[in-house]
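Any read-out appearing in this document is the output of simple, stated calculations on the displayed coordinates, not a laboratory observation. If you're wondering where the values come from, they're calculated on a predicted model, not measured in any experiment. So basically every Cβ, Gly included, is an ideal-geometry build from the backbone, and we count neighbours across all protein chains shown.
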Amino acid sequence: MSVSLWQRMSTDEVRTCGVAIVGAGIAGLSAAIECEALGIDAVVLEARAPGAGASGRNAGFLMRGAADNYARAIESWGRDRARELWRWTEQNLEDLLALGIGELPSFSRTPSCLIGADADEDAQLRRSAELLREDGFEVSLISPEEAPDDAVWRHARACVGLVNPNDALVSPVELVARLADSLRTTPILTGAEVGSITPTDAGVRIETARGPVTAERAIVCTNAWARTLLPGIAVEPNRGQMMAFRPRETSGVPLAHAYYLDHGSEYIRPGPGGTVVFGGARKYHEEAERCASESCTREVQARLELLAATLYPGGIDVLDRWAGVMGFSPDGLPLVGPAGHERLWACVGFTGHGMSLGHRTARGAVRDMVVGGPPRFAIDRFAG
Ligand SMILES: Cc1cc2nc3c(=O)[nH]c(=O)nc-3n(C[C@H](O)[C@H](O)[C@H](O)COP(=O)(O)OP(=O)(O)OC[C@H]3O[C@@H](n4cnc5c(N)ncnc54)[C@H](O)[C@@H]3O)c2cc1C
């Protein structure tokens, strides 16, 4: 994306505000909600429309923790960090419920369930359940005998399932709309692609496709597109592809859980009206999926169909196919903090967990930026 000379010069009127927020996904809208809570006049600058990015294209899992299991998270981040992240995601859901997302038509308290791809992952799931209990989290392990008779337990290689009982599912588009509707005073400027942000003595000057904006501070919430405005930032775009289908055979019960399979490589959930929503398969085409395109590819879609066929041997009718772009950080955690200047912040790098992390993280980012305080996922861990 870029801004032309003609767009930039389309108006001379300079809009001014306290905080300019770039991007109207979950993160940007949540940042705007926090600005209102702090009494700051903010403006959201969005290139397309709210939820046009990953926030309107994801699977809708409001899951505790990350896609991979707790034992692996502890290996990667250490016990304190992993515990903190799991708590943070629980609180993220509580905060969203406080905004009324529990009343959205698509919202359901559907527990998530992690299923192992091999004996090694089964052992990790068992260990994860022990560690989660030790750390005070509610969790259960189920075996095929106690499992629901749905397509995953009938046809996937499932020996053990780790169930997070309090997780939820939602339509991400409804969630984004609820966040946008929560704003009382903050305008969302659509079609306002940002071409550049320049720190000045008094704040920042932002060139947009709808004219210039000056603000005391700016926060970039463009996740996968973070590098367009902040070239040095350690966030890489990665595409995720999905499909929705209707199973031809309806034996067994509908999917009882929102499932993560093979370390989160594939994810499958019940969709509206008896449909199934299925995504993933990036790992088979990693190089090609390292891009910022929102188009589907034949290869990944074919792989998804192949995987779906193992779960639904009676056949499926594909209803929708789509793709979205995530912003991956090197350690899988968000990046929050000043991006080269104390008045220009970033809140990006959600690495596939923005539904579970984005709202609370962006609200915290605004507080830390305005009130002061070390950000939770400090950006300077990748300085240099
Ligand atoms: C297929 C898929 C499935 C996923 N499933 C899940 C899931 O089930 N659970 C979960 O927790 N997470 C999931 N995620 C990840 C989650 O969707 C993201 O982490 C989250 O939506 C990121 O939100 P965001 O607001 O940071 O970014 P985005 O929603 O991508 O918003 C960024 C916005 O910035 C705008 N923008 C970009 N550049 C500019 C510019 N220069 N000027 C102005 N505006 C600009 C874009 O148009 C966009 O609207 C999934 C992602 C994908 C792609």
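Miscellaneous remarks
- Estimated FRET transfer efficiency (GLU130, GLU94; beta-carbon r; R0 35 Å; 0.05): 0.90
- Cβ charges +1 (Lys, Arg) and -1 (Asp, Glu), total dipole of the chain, debye: 540
- Between VAL371 and SER251, residue separation times 0.36 nm minus the direct Cα-Cα distance comes to 37.6 nm.
- Distance between the pseudo-spin-label points of ALA49 and VAL14 (7 Å out from Cα toward the beta carbon): 3.3 nm.
- With respect to the chain, whose longest principal axis is taken over its alpha-carbon atoms, helix 119-134 is tilted by about 70°.
- The order of ASP320, ASP201, going from fewest to most other C-beta atoms within 10 Å of their C-beta, is ASP201, ASP320.
- Between helix 79-98 and the chain: long-axis angle, C-alpha atoms, 0 to 90°, nearest 10: 80
- Region 58-117 shape via C-alpha gyration tensor axes, a/c threshold 1.5: oblate
- Where labels lie 7 Å past Cα in the beta-carbon direction, separation of GLU75 and LEU104 in nm: 3.4
- Each Cα pair under 8 Å and six or more residues apart adds its separation to the average, and for region 252-335 the resulting relative contact order is 20 percent.
- Per the Debye formula on identical point scatterers at the alpha carbon atoms of region 199-242, with no solvent, log10 I(q)/I(0) at q = 0.19, 0.31 Å⁻¹ is -0.72, -1.12.
- The chain: angle of helix 172-181 to the longest principal axis, Cα-based, in degrees nearest 10: 30
- By the count of other C-beta atoms within 10 Å, a proxy for reagent exposure, TRP153, TRP88 are ordered fewest to most as TRP88, TRP153.
- Volume per residue of the C-alpha convex hull in region 167-249, rounded to whole Å³: 184
- Three semi-axes describe the equivalent ellipsoid of region 235-297; taken as square roots of 5 times the Cα gyration tensor eigenvalues and ordered largest first, they are 26, 13, 9 Å.
- Gaussian network model of the chain, Cα within-10 Å springs - most flexible of GLY23, GLY264, GLY349: GLY264
- Anisotropy class of region 119-275 from Cα gyration tensor, a/c 1.5 cut: prolate
- DSSP beta bridge pairing in the chain, given as percent antiparallel to the nearest 5: 70
- Other residues whose C-beta falls under 12 angstrom from the C-beta of GLU94 contribute a net charge of +1, scoring Lys and Arg +1 and Asp and Glu -1.
- Alpha-carbon centroids, region 47-103 and region 289-351: separation in whole Å: 15
- The chain, helix-only ellipticity at 222 nm - DSSP H runs n ≥ 4, -39,500 (n - 2.57), divided by all residues, nearest 500: -9000 deg cm²/dmol
- Shape analysis of region 226-384 based on the Cα gyration tensor places the equivalent ellipsoid semi-axes at 36, 17, 11 Å, largest first.
- The alpha carbons of the chain stretch over 66, 44, 40 Å along the principal axes, in descending order.
- Prolate/oblate/rounded call for region 150-208, Cα gyration tensor, a/c under 1.5 rounded: prolate
- Neighbour-count ranking [beta-carbon atoms within 10 angstrom, fewest first] of TRP6, TRP345: TRP6, TRP345
- Dividing the mean sequence gap of close Cα pairs (under 8 Å, 6+ apart) by how many residues region 58-215 holds gives a relative contact order of 25 percent.
- Stretchable slack from ALA378 to HIS155, in nm (0.36 nm times residue separation minus alpha-carbon distance): 76.0 nm
- Projecting the alpha carbon convex hull of region 1-139 along each direction and taking the average yields 12.2 nm².
- Residues with amide H under 5 Å from that of GLY65, placed H, sequence gap 5 or more: THR89, GLU90
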